[in-house]
1. Given the conditions (1) away from the ligand (no atom under 16 Å from the Cβ); (2) in contact with a helix residue (DSSP H, G or I) (Cβ under 6 Å, 6 or more places away or on another chain); (3) closer than 23 Å to residue 113 by Cα, and given that residue 186 satisfies all but one, which numbered condition is not satisfied?
2. In the stretch 84-100, which residue that is in contact (Cβ under 8 Å) with a residue 40 or more places away in the chain and surrounded by fewer than 22 Cβ atoms within 10 Å (Cβ to Cβ) is nearest to the ligand (Cβ to nearest atom)?
3. Residues being within 21 Å of residue 136 (Cβ to Cβ), within 12 Å of the ligand (Cβ to nearest atom) and outside any helix (DSSP H, G or I): count how many of those fall in the stretch 101-115.
4. Scan the stretch 136-156 residue by residue and report those that are without any contact (Cβ under 8 Å) to a residue 60 or more places away in the chain, on the phi < 0 side of the Ramachandran plot and more than 13 Å from the ligand (Cβ to nearest atom).
5. Could you check how many residues of the stretch 5-44 are farther than 19 Å from residue 63 by Cα and surrounded by 15 or more Cβ atoms within 10 Å (Cβ to Cβ)?
6. Tell me the residue from 120, 109, 162 that is in contact (Cβ under 8 Å) with a residue 24 or more places away in the chain and farther than 30 Å from residue 289 by Cβ, please.
7. If you check residue 133 against the conditions, is it within 30 Å of residue 30 (Cα to Cα) and part of a loop (DSSP other than H, G, I, E, B)?
8. Looking at the stretch 272-309, which of its residues are touching a residue at least 12 places away in the same chain (Cβ under 8 Å), assigned to a helix (DSSP H, G or I) and more than 20 Å from residue 229 (Cβ to Cβ)?
Ligand SMILES: [Zn+2]
């Protein structure tokens, strides 16, 4: 059986065009992804308020009628731990390589108070942003080399620090949703498997191969970049198991190919790469695959016509 497929789009892109595409597709899940970067906390808060107001009620009802699930995939750390907390609690924040506590990214993963605080905030957040699948995707900050260098954290890899945070978030979320699972996002610095921290039972693997070559299949052993990118997979799958193991891919990510800047560029889907990758992931035992599909909405069609993406949308 083919892997169930999903798409991840920006909240403002979920409109008539995408709903019509989804109606005639085999897509099983829509992930809403508030824009990341420096204002990730603001875009997340805007989405939270919009869902709270009921702005998405009709769209979600339409998706439900189609049998399509809704999830949220988002860089949540700056919302979970507002930088303004630094004044009162500098020790909750990370230490940079120069030995200074800084309120730029992430947190001190060895600070129990900080972890308890973000766990409680996660519980608050998911009272509103509640996926229909019980699968949660609250991610740490989207910045390389943004981990803690305090005397305790220094002994841990970025992956171990990230897993401590994800374990804490899961514990918070399950107080609201006892059936919750939370991802460990293997992405950039956190692609190597954690070694000294064990995942709690509700943690699943989400693998996002951002540093890959998008023009070659991951199974292409002549592509050094992709060989390097997939090297951590056996250990990741061993650490987290295959249950709920999920791929987050970029085959349809026209925001990436447009360098996250509008207007959207013309998009060409590398169908052979995508098919070979899907086969590769299936053989490894992944259970689920989703893909960023941002910058392919109404403004795209107005400029370039309908994108040729049925090879992904229809199985
Ligand atoms: Zn620390």
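The values are calculated or read from the model by the stated rules, or taken from the named source; none is laboratory data. Note that the coordinates shown come from a computational prediction; the quantities given were computed from them, not determined experimentally. In this analysis, Cβ positions are derived from the backbone assuming ideal geometry, glycine residues included, and neighbour counts consider all displayed protein chains.
1. Every condition holds for residue 186 apart from (3).
2. So the residue we want is 95.
3. Qualifying residue count, the stretch 101-115: 3.
4. 143, 144
5. Selection size over the stretch 5-44: 6.
6. Exactly one residue qualifies, and that residue is 120.
7. Values: within 30 Å of residue 30 (Cα to Cα): yes; part of a loop (DSSP other than H, G, I, E, B): yes.
In short, yes.
8. Scanning the stretch 272-309 gives 298, 299, 300, 301, 303, 304.
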